[in-house]
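K.L.:
Next up is a structure, given as structure tokens.
The values are calculated or read from the model by the stated rules, or taken from the named source; none is laboratory data. Computed from a predicted structure; not experimentally measured. All Cβ positions, even for glycine, are placed from backbone atoms using ideal geometry, and neighbour counts span all protein chains on display. Surface accessibility is based on the protein's heavy atoms, side chains included, excluding ligands, DNA and RNA. Shrake-Rupley method; radii C 1.70, N 1.55, O 1.52, S 1.80 Å.
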Amino acid sequence: RERVRAMFYHAYEHYLDRAFPYDELRPLTCDGQDTWGSFSLTLIDALDTLLILGNVSEFQRVVSVLQDGVDFDIDVNASVFETNIRVVGGLLSAHLLSKKAGVEVEVGWPCSGPLLRMAEEAARKLLPAFQTPTGMPYGTVNLLHGVNPGETPVTCTAGIGTFIVEFATLSHLTGDPVFEDVARKALKALWKNRSDIGLVGNHIDVITAKWVAQDAGIGAGVDSYFEYLVKGAILLQDEELMSMFLEYNKAIKNYTKFDDWYLWVQMYKGTVSMPVFQSLEAYWPGLQSLIGDIDNAMRTFLNYYTVWKQFGGLPEFYNIPQGYTVDKREGYPLRPELIESAMYLYRATGDPTLLELGRDAVESIEKISKVDCGFATIKDLRDHRLDNRMESFFLAETIKYLYLLFDPHNFIHNDGSDFDVVMTPYGECILNAGGYVFNTEAHPIDPAALHCCRKRKEEQWEVEDLMREFYSLKKTKKFTFQRTSHPGEGESAENSEDASSEKGEEKKNSKKSSRSLLSCPSQSFNSKLAVLGQVFLDNT
């Protein structure tokens with residue numbers, strides 16, 4: 001554990017000294033570069049890792065640096081997927097951990113706060129990508145201008161199905177349902193377009209819903225779609241998402257699984273198209289452990305671990321029949337997936353083999369990858385040549401999962417015996433009781449927080465009854481109230497002569513509503529009122 005801590009600071013301090021405010025450190029030349037959009041990405045990605053390592057003072061310092069220094073109003077083409085998992089996910093996680101880290105939170109936290117506002121601002125910049133006939137998003141968006149006119153409509157499956165964790169969290173905390181709505185619509189569009197044998201391909205046209213790449217598997221281009229069906233189901237206690245995953249799981253076992261390896265197959269026929277193992281697939285045993293399939297998870301994990309022992313890392317592609325790397329895919333960019341699975345499986349089983357993988361990872365990374373200015377991507381595992389890049393996920397995920405593997409008493413592993421009670425504008429709320437759900441960039445989301453920022457339905461109805469009484473005293477026209485699907489969001493409508501009294505409230509909310517890109521423009525209700533799609537005239 002202490003060696004992992006030292007690895008973190010060797011990388012983190014050199015990023016701060018040599019690369020900040022750029023996105024990433026270039027460890028061979030000891031300078032920085034922007035990669036995903038000029039957000040000081042490594043700083044956002046490493047923020048919750050600081051707290052997991054117990055460094056509250058640096059967490060507090062970075063929070064204030066980010067508030068002052070990060071701007072999303074920039075003319076940059078950004079990956080919708082990467083911005084969501086790294087920036088939105090990182091900011092949401094840090095927001096929910098702020099109080100634990102000793103940050104002085106504002107009144108109303110966790111339903112408000114500067115990091116939450118930043119996460120919402122970043123997510124709003126991504127919403128134009130979802131404005132397609134299918135609801136499946138474009139892969140790239142310009143943060144200033146929206147989707148570029150010539151943007152390719154082809155997006156990978158993971159780039160469509162990896163939003164529900166962050167976007168549902170955002171909707172629950174802010175009260176704006178648009179984020180969760182677009183994420184769900186995208187998930188369901190993929191489900192609707194699965195093949196007759198129950199598989200999804202690799203890339204799809206988001207305008208026509210035609211599959212462009214028809215390879216089906218659990219790895220690159222598909223991986224986090226399956227992960228988010230499970231994690232979304234756990235986070236939201238959503239049976240529909242879990243049943244979707246379990247259906248996919250049957251098809252994956254039927255068509256892609258051979259001797260505890262998973263191959264790539266043609267999505268319509270089920271015939272093998274690529275007998276390769278990709279390093280990104282190593283998340284799968286961890287995901288299996290989350291649904292309780294421990295035996296299968298361990299067998300697949302041990303297959304993957306044999307590849308690690310062969311090379312001292314996982315090559316991007318590994319040819320299973322030949323037992324060797326694939327040409328031009330021999331690198332290891334310090335990915336976390338096998339360590340992630342080891343962490344989950346160790347929590348489930350306590351099997352010491354999993355600690356051995358963790359030790360092997362520490363040894364390999366220190367021996368092969370460590371340089372004066374940090375840790376470098378391994379360009380080729382056969383001869384240990386290095387590349388001049390240290391991806392932000394090294395600090396966000398690889399180090400975090402390694403540390404959590406060796407730190408059984410970390411607050412992240414809380415079993416519910418310890419918790420905090422927080423007062424919010426909506427009542428009492430339990431936080432930090434454990435059960436954290438990691439997004440696909442290893443940013444932990446506290447599932448209890450999703451229940452903090454909504455009034456209970458009964459309370460909402462009481463308020464509506466009081467308002468009805470209040471308005472019935474007025475000798476004006478009758479009013480109808482709409483009971484909304486989101487508690488605490490009941491709306492009232494009045495005739496135009498009373499509208500002026502609402503202007504102050506409208507002003508407060510105007511910024512939010514005007515930027516809700518997927519909402520219909522609000523219409524005046526002085527002549528008619530629509531309730532659940534039915535239109536009532538004045539004299540109804």
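K.L.:
Yes or no: K367 open to solvent by less than 50 Å² (accessible area, probe 1.4 Å), at pLDDT 95 or above and more than 20 Å from A448 (Cβ to Cβ)?
P.N.:
Values: open to solvent by less than 50 Å² (accessible area, probe 1.4 Å): no; at pLDDT 95 or above: yes; more than 20 Å from A448 (Cβ to Cβ): yes.
No; evaluated as a whole, the condition is false for this residue.
K.L.:
Any idea which residue in segment 159-188 is surrounded by the fewest Cβ atoms within 10 Å (Cβ to Cβ), counting only those that are in contact with a helix residue (DSSP H, G or I) (Cβ under 7 Å, 6 or more places away or on another chain) and more than 30 Å from L431 (Cβ to Cβ)?
P.N.:
Here the residue is G159.
K.L.:
Taking D68 as the residue in question, decide whether it is open to solvent by 30 Å² or more (accessible area, probe 1.4 Å), of a type in the set (D, E) and within 27 Å of T424 (Cβ to Cβ).
P.N.:
Working: open to solvent by 30 Å² or more (accessible area, probe 1.4 Å): yes; of a type in the set (D, E): yes; within 27 Å of T424 (Cβ to Cβ): yes.
Spelling it out, D68 is indeed open to solvent by 30 Å² or more (accessible area, probe 1.4 Å), of a type in the set (D, E) and within 27 Å of T424 (Cβ to Cβ).
K.L.:
Then there's this: Among the candidates G270, G221, which residue alone is touching a Cys at 6+ places or on another chain (Cβ under 9 Å) and at positive phi? Talk me through it step by step, then tell me what you get.
P.N.:
Details: G270 fails: touching a Cys at 6+ places or on another chain (Cβ under 9 Å).
Of the residues listed, the single one that is touching a Cys at 6+ places or on another chain (Cβ under 9 Å) and at positive phi is G221.
Residue-wise test of (1) under 18 Å from the mean Cα position of the chain (by Cα); (2) free of Cβ contacts under 8 Å to residues at least 60 places away in the same chain.
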| site | (1), (2) |
| --- | --- |
| V63 | no, yes |
| L66 | no, yes |
| G69 | no, yes |
| I74 | no, no |
| N77 | no, no |
| V80 | yes, no |
| V87 | yes, yes |
| G90 | yes, no |
| L97 | yes, no |
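K.L.:
A further question follows. Which ones in segment 326-337 are farther than 14 Å from K400 by Cβ and in contact with a Phe, Trp or Tyr (Cβ under 6 Å, 6 or more places away or on another chain)? Break it down stepwise before answering.
P.N.:
Of segment 326-337, the ones farther than 14 Å from K400 by Cβ are 326-333.
If the condition is that a residue be farther than 14 Å from K400 by Cβ and in contact with a Phe, Trp or Tyr (Cβ under 6 Å, 6 or more places away or on another chain), then V326, R329 are the ones that fit.
K.L.:
I'm trying to understand the selection: among the residues of segment 385-405, which are within 21 Å of E441 (Cβ to Cβ), assigned to a loop (DSSP other than H, G, I, E, B) and open to solvent by less than 50 Å² (accessible area, probe 1.4 Å)?
P.N.:
Looking only at segment 385-405, we keep the residues that are within 21 Å of E441 (Cβ to Cβ), and these are 387, 389-405.
Right, trim to assigned to a loop (DSSP other than H, G, I, E, B) and you get 387, 389, 391-392.
Of everything in segment 385-405, those that are within 21 Å of E441 (Cβ to Cβ), assigned to a loop (DSSP other than H, G, I, E, B) and open to solvent by less than 50 Å² (accessible area, probe 1.4 Å) turn out to be E391, S392.
K.L.:
Among (1) part of a loop (DSSP other than H, G, I, E, B); (2) touching a helix residue (DSSP H, G or I) at 6+ places or on another chain (Cβ under 6 Å), there is one condition R382 misses while meeting the rest; what is its number?
P.N.:
Just one mismatch for R382, condition (2).
K.L.:
Pull out all pairs, ordered by first then second residue, where Cβ-Cβ is under 6 Å, the residues are six or more apart or on different chains, the first lies in segment 398-411 and is under 22 Å from R86 (Cα atoms) and of a type in the set (S, T, Y), and the second is modelled with pLDDT of 95 or more and crowded, with 16+ Cβ neighbours inside 10 Å.
P.N.:
As it stands, the answer is T398/L334; T398/P336; Y401/P336; Y401/I339; Y401/E340; Y401/M343; Y403/V4, since those pairs meet every condition given.
K.L.:
Residues in segment 355-385 that are without any contact (Cβ under 8 Å) to a residue 12 or more places away in the chain and under 21 Å from K328 (Cα atoms): how many?
P.N.:
2
K.L.:
Test of understanding: among G198, G221, which residue is under 25 Å from P128 (Cβ atoms), among the small types (G, A, S) and open to solvent by 10 Å² or more (accessible area, probe 1.4 Å)? Talk me through it step by step, then tell me what you get.
P.N.:
Numbers: G198 fails: under 25 Å from P128 (Cβ atoms).
One residue alone meets the criteria, G221.
K.L.:
Please specify each residue of segment 207-236 satisfying the condition of being touching an Asp or Glu at 6+ places or on another chain (Cβ under 7 Å) and over 29 Å from H443 (Cβ atoms).
P.N.:
Passing the criteria: only V212.
K.L.:
Residues in segment 415-426: is at least one in a loop (DSSP other than H, G, I, E, B), open to solvent by 10 Å² or more (accessible area, probe 1.4 Å) and among the acidic types (D, E)? Let's see the steps before the verdict.
P.N.:
The initial filter retains those residues of segment 415-426 that are in a loop (DSSP other than H, G, I, E, B), namely 415-419, 425-426.
Still in the running and open to solvent by 10 Å² or more (accessible area, probe 1.4 Å): 415-419, 425-426.
Subset that is among the acidic types (D, E): 415, 418.
Looking for residues that are in a loop (DSSP other than H, G, I, E, B), open to solvent by 10 Å² or more (accessible area, probe 1.4 Å) and among the acidic types (D, E), one finds at least one in segment 415-426, hence yes.
K.L.:
From the list A19, A11, A6, A46, which residue is open to solvent by 50 Å² or more (accessible area, probe 1.4 Å), of a type in the set (A, V, I, L, M) and under 26 Å from I378 (Cα atoms)? Spell out how you get there, then give the answer.
P.N.:
On the way: A19 fails: open to solvent by 50 Å² or more (accessible area, probe 1.4 Å); A11 fails: open to solvent by 50 Å² or more (accessible area, probe 1.4 Å); A46 fails: open to solvent by 50 Å² or more (accessible area, probe 1.4 Å).
Exactly one of A19, A11, A6, A46 is open to solvent by 50 Å² or more (accessible area, probe 1.4 Å), of a type in the set (A, V, I, L, M) and under 26 Å from I378 (Cα atoms), namely A6.
K.L.:
Right, something else. Would you check which residues across segment 402-431 are in contact with a strand residue (DSSP E or B) (Cβ under 9 Å, 6 or more places away or on another chain) and within 24 Å of G350 (Cβ to Cβ) and list them?
P.N.:
So in segment 402-431, the residues in contact with a strand residue (DSSP E or B) (Cβ under 9 Å, 6 or more places away or on another chain) come out as 412, 419-423, 428-431.
Listed by number, the list holds a single entry, I412.
K.L.:
Follow-up. Can you tell me how many residues within segment 297-312 are out of contact with any strand residue (DSSP E or B) (no Cβ under 9 Å at 6 or more places or on another chain) and either farther than 10 Å from D260 by Cα or not hydrophobic (A, V, I, L, M, F, W, C) (or both)? It would help to see each step written out before you state the result.
P.N.:
Applying the first criterion (out of contact with any strand residue (DSSP E or B) (no Cβ under 9 Å at 6 or more places or on another chain)) to segment 297-312 yields 297-299, 301-302, 305-306, 308-309.
Narrowing further to those that are either farther than 10 Å from D260 by Cα or not hydrophobic (A, V, I, L, M, F, W, C) (or both): 299, 305-306, 308-309.
So the count comes out to 5.
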